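Okay, so here's the structure we're looking at.
A short reminder: the numbers here are calculations on the coordinates, not readings from a lab. No experiment lies behind these values; they were computed from the predicted model shown. Note that each Cβ is placed from the backbone with ideal geometry, even for glycine, and that neighbours are counted across all protein chains shown.
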Amino acid sequence: MVLLHVLFEHAAGYALFAVKEVEEIGMLLPQVEESILNIGKFNSVVKLAAFFPFKSAQAALENINAISEGVVHADLKLFLETNLPLGGKKKAALLGAADGKIGAALQEELGVSVQTGGVVAEILRGVRLHFHSLVKGLTAQAASKAQLGLGHSYSRAKVKFNVNRADNMIIQSIALLDQLDKDINTFSMRVREWYGYHFPELIKIVSDNATYCKLTKFIGNRKELSEESLEPLEEITMDSAKAQAILDASRSSMGMDISPIDLINIESFSSRVVSLTAYRLGLQEYLRSKMSQVAPNLATLIGEVVGARLISHAGSLTNLAKYPASTVQILGAEKALFRALKTRGNTPKYGLIFHSTFIGRAAAKNKGRISRYLANKCTIASRIDCFADVPTSVYGDKLRDQVEERLAFYETGETPRKNVDVMKEAVVQAGEMAAEMKRKIEKAEKKKKKREKRKLEALSIAEGDEVAVETKKVKLNRDAETQAMPKKSCSEPLKGPSQWVWSLK
């Protein structure tokens, strides 16, 4: 006879359900499927054996974290050891669990047979549906509140991160940077075609898109250019020869005349392109600063833009850190890889890391070797950036030196330093830098506390001064009232018993 008990983890606590005794567990499946929706029928199959409520929300969070990681919590172990009947033989007792990971951990910890899936999954479906009815004293509203509270706590713990190390900002920035490059290029070509009808010679003189748009905005009607315009033209082009060539070309241009309304529209559009170019430069600087905060080692090793592209393509810095070096090497060349696998051709040697300066500097025969080595170092750098407590660029500098030495080895045959020695130096330097940063943070906190203390003292002094002023005002008012009262004359004769004394004398 098999004795099946099913473990159900709820936000309110652990519950152990005893299932009707049968010769084979498989025979229960049709019966359970029919009775899931009906609480009366379900009670004939499943009965609550024990319930362990969590003492607090913190205890519930600790238990759910342990379950999600596949670890048997002390509360769960005590609950099962107390309430799980082994029936004299461990093989006779069978425990049903929802997750195979926690099931394997329970089997190893308690030594009982654990089953997942099949009839256990169907029973758990029914328990989940009728849980508040199966446990006495638990209402549907209370169960819902417990689930909501635990869900918020669990999610908050999962998504908790350092604001300064949010790699999502890098992903959005590099995507916007790519889009801006396309848009600026398209708009610049539109300005060239549009203004080229009026001043076609300017296209040959100025090749840079941003400079061309600035000149279009400044020149306007070419016939209005004069010797006085030479200095502003030099400021825009940063070249006196080009400025003079523009001035000369404007006097003998083959372009057609243009109406004022057309010029207004061209100048307006040129202003937009110039502002987009300025915004792109600011965005690039922002990306550089974010990369130095989030992934300083990767940025130092391979550059901010290429590093950001790797993070964006992987989805996050954590995903990139999980990738092996072989995946990082061909990241971005998926089409070529699958085409090569399909046609049984040569697989690509590099993907996004091709844009690194190291690949371009290597000889044609060494490009594959240096890309493999560079991908290995990128993987190390991304893992350090992802899991380091204090972000520093020390490891990135050392890894970059190693790649430089490897390039020199391919060209000259000079033996590079061993990785162990380089990493030992990096660990020492990183420790010193971390200690220095810690000292700076502590110093800044002390200064902040001093400033706050001074503010409080100043506020208390100000409040004391206000009280003193109010007291002084009250005193002055009293004095004024006293002085305003009518005074008695000294020559007035005394009344009462004192007058009698004088008369007796």
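Summary of computed values
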read-out: Mean Cα-pair separation over length for the chain, i.e. relative contact order, pairs under 8 Å, 6 or more apart, %; value: 10 percent
read-out: Calculated over the range 138-264: convex hull of Cα atoms, volume per residue (Å³); value: 187 Å³
read-out: Kirkwood hydrodynamic radius (C-alpha pairs) into Stokes-Einstein, the range 45-152, 10 °C and 1.306 mPa s, D in µm²/s; value: 105 µm²/s
read-out: Principal axis dimensions, the range 278-360 - Cα atoms, whole angstrom, descending; value: 45, 28, 21
read-out: Fewest-first sequence of GLU224, GLU304 by Cβ atoms within 10 Å of each Cβ; value: GLU224, GLU304
read-out: PHE42, PHE409 arranged by Cβ crowding within 10 Å, fewest neighbours leading; value: PHE409, PHE42
read-out: Qualifying aspartates and glutamates (Cα of each under 16 Å from Cα of LYS453; at least 8 residues distant if same chain); value: GLU445, GLU463
read-out: Environment charge of TYR410, counting only residues whose C-beta is closer than 14 Å and scoring Lys/Arg +1, Asp/Glu -1; value: +2
read-out: Computed E for MET254/THR415 - FRET, C-beta separation, R0 60 angstrom, nearest 0.05; value: 0.40
read-out: Sparse-neighbour loop sites [chymotrypsin sites (Phe, Trp or Tyr not before Pro); the range 165-266; at most 15 other C-beta within 10 Å; DSSP]; value: TYR197
read-out: Long-range HN-HN contacts of VAL46 with modeled amide H, under 5 Å; value: none
read-out: Label point at TYR286 placed 7 Å out along Cα→Cβ; residues across the range 170-213 whose backbone nitrogen lies under 19 Å; value: 170-185
read-out: LYS136-THR318 FRET efficiency (beta carbon distance; Förster radius 56 Å; 0.05 resolution); value: 0.80
read-out: Cut-off 10 Å between beta-carbons: net charge of the residues surrounding ALA314, Lys and Arg +1, Asp and Glu -1; value: +1
read-out: Residue order, fewest to most beta carbons within 10 Å, for LEU106, LEU263, LEU459, LEU374; value: LEU459, LEU263, LEU106, LEU374
read-out: Per principal axis, descending, Cα span of the chain in whole Å; value: 145, 106, 58
read-out: Filter on LYS322/LYS377; LYS182/LYS242; LYS182/LYS365; LYS20/LYS136; LYS182/LYS214 - keep pairs with C-alpha separation over 25 Å; value: LYS182/LYS242; LYS182/LYS365
read-out: DSSP beta bridge pairing in the chain, given as percent antiparallel to the nearest 5; value: 65 percent
read-out: Cα radius of gyration and Dmax for the range 319-460 (Å); value: 22.2, 81
read-out: Net charge over other residues, Cβ less than 13 angstrom from the Cβ of SER270 (K, R count +1; D, E count -1); value: +2
read-out: Label-to-label distance, nm, for residues given as ILE461 and LYS41 (7 Å Cα→Cβ offset); value: 8.3 nm
read-out: Gyration tensor (alpha-carbon) shape descriptor, the range 196-235, a/c threshold 1.5; value: oblate
read-out: Residue (of GLY345, THR237, MET437) at the positive-pole extreme of the chain, dipole from beta-carbon charges; value: MET437
read-out: Descending semi-axes in Å of the range 236-320, equivalent ellipsoid built from Cα gyration tensor; value: 44, 17, 10
read-out: Additional length obtainable on full extension of the chain from PHE387 to GLN179, 0.36 nm per residue less Cα span; value: 71.8 nm
read-out: Spatial separation of Cα centroids for the range 227-265 and the range 369-384, in angstrom; value: 50 Å
read-out: Debye log10 I(q)/I(0) at q = 0.26 Å⁻¹ for the range 121-208, Cα point scatterers; value: -1.19
read-out: Virtual spin-label span in nm between ASP401 and LEU48, 7 Å along Cα→Cβ; value: 6.7 nm
